[in-house]
Every structure is written in C-alpha cells, then in structure tokens.
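What follows is a short report on a single structure.
The values are calculated or read from the model by the stated rules, or taken from the named source; none is laboratory data. Source: prediction; values computed, not measured. Positions of Cβ are generated from backbone atoms using ideal geometry, with glycine treated the same way; all protein chains shown enter the neighbour counts.
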Amino acid sequence: MCYCQHREAGLRKLAYKHLETFISNAKKWESKDQEEFAISLFTILDALNEKDEVLTFSLNSFLIDILYRWTENNPIDSRPFRWIGIYMDSSNKEDDLEKSLRKAIELGGDTEQKAMIYLVSNYINTLEFGTHEFPSGYCGDLSECIEKLPYMLQLINRIQNKNIKEQNIGQIQEQLHLILDWLKHTQTPVDAVRTWEKEQTKELEMVIVYYLHNSSSR
C-alpha cells in the first residue's frame, strides 16, 4: 500500500524502498502464501494489462523464483507457465517464453485463452518485424516462422473471441502475401548455391500458398 501511494505521488525512491522491504519480508513466507500473492498480483495485471509499470526488476526476480518453484512442485498447473510466458520476458529468452506458453496451453487446453492470444500475437509481431525491410530482405529466420505456422493457425482456430480470431487471420494473411510476393521476385540463380536457394524458395512458396488457402477457408 505504501509503495503504491508513494509511487502515485511521484516519490519513486521512497516507493522502491517500501517495495524492497516488502520483498525481503515476503521471501520468508511459506511457499503457499507466496503463490497466493502471485495469483493476486497476476490476476490484477491480467485485467490492467500494464506489466511494465508494475513489474520492477526486483519484483520480477522475486516472482520468477516463485513461478519456477511452482512449476516444479505442481507441474500440472498451467497458470505459472502462462505467467512466465507473458510476464517474465526480462528474465528469460524468447524461446523459453514460447516454451512456457506452449506448456500452459498443453496443460490448460482451451481454458488458456490468454496464453493462446499472447503467443499468436508474438508470432504475428515476428512476421511483421521480418517483413519491415522488404524488398531488401527478410529480417529473421523465415523457415522457422513458416515451420511454426501450422501450430499458430491451430491456436487461432481455438481462440474463442471471434473479433480477435478474424483480426489474427487477416494479419497473418497480409504478412504471408507480402512474403510470397517477395519470394516470387527474388533474383534468378546464377550458380549452384543460388540454385539451391531458389529450390528452397519454391518450397516456401508452396507452403505459404497452401496455408493461405487453408486460412482463407476458416
């Protein structure tokens, strides 16, 4: 309470001092009490969607320890995996965050709507980043993005919010059309290496056309 009041008043140093005191005391709590605190905090964050304003470095470090211990003690609970994937980006690599979200979906199934929406959104952001310097080139691993496409389309099909589902399909179709157009206009190969690259390009084109057709029929 003191942390929130002082932060709102602009007294950041005093606010962080109260936060550090709270974290120091909370580290002495029983694991169950720490988990209850995490549940309360992440439930609020889910509603507010303002993680950057709340999760300071010290609080993030405290929470990540709680969540990883939670996944070990109760590996069938999807919640800690979801919260790691959504909120612990400053403590993990991107691949680890994706693995956590996939695990949450595996455990929670269609109840893990937030994990699905967040994972698909990240994928679309990756596609958009990859195409932002066209026609000079694709920024990133295009083959990896295409490899993940079937799974992402499966997730979109399971998203219950119709507006989000339609928006996701539209965004992916737009990016795939950009990629397909770029692939079709790559240079003609002039040697063995470029010939191999052209063959790989044709394979990617076929995959993209296939998934564009399937996504259009959803």
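Here are some notes:
- Failed condition for residue 168, given (1) in contact with a helix residue (DSSP H, G or I) (Cβ under 6 Å, 6 or more places away or on another chain); (2) at pLDDT 85 or above; (3) over 24 Å from residue 106 (Cα atoms): (3)
- Comparison of 142, 155 shows that the only residue that is surrounded by 19 or more Cβ atoms within 10 Å (Cβ to Cβ) and either modelled with pLDDT of 85 or more or under 13 Å from the mean Cα position of the chain (by Cα) (or both) is 155.
- Some residue of segment 191-201 being in a helix (DSSP H, G or I), out of contact with any Pro (no Cβ under 8 Å at 6 or more places or on another chain), at pLDDT 65 or above and loosely packed, with under 14 Cβ neighbours inside 10 Å: no
- Boolean, residue 179 is in a helix (DSSP H, G or I) and modelled with pLDDT under 90: yes
Listed here are the residues, each with its yes/no results for (1) in a loop (DSSP other than H, G, I, E, B); (2) at pLDDT 95 or above; (3) surrounded by 11 or more Cβ atoms within 10 Å (Cβ to Cβ); (4) among the hydroxyl-bearing types (Ser, Thr, Tyr).
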site: 35; (1), (2), (3), (4): no, yes, yes, no
site: 39; (1), (2), (3), (4): no, yes, yes, no
site: 46; (1), (2), (3), (4): no, no, yes, no
site: 53; (1), (2), (3), (4): no, no, no, no
site: 59; (1), (2), (3), (4): no, no, yes, no
site: 66; (1), (2), (3), (4): no, yes, yes, no
site: 69; (1), (2), (3), (4): no, yes, yes, no
site: 72; (1), (2), (3), (4): no, yes, no, no
site: 75; (1), (2), (3), (4): yes, yes, yes, no
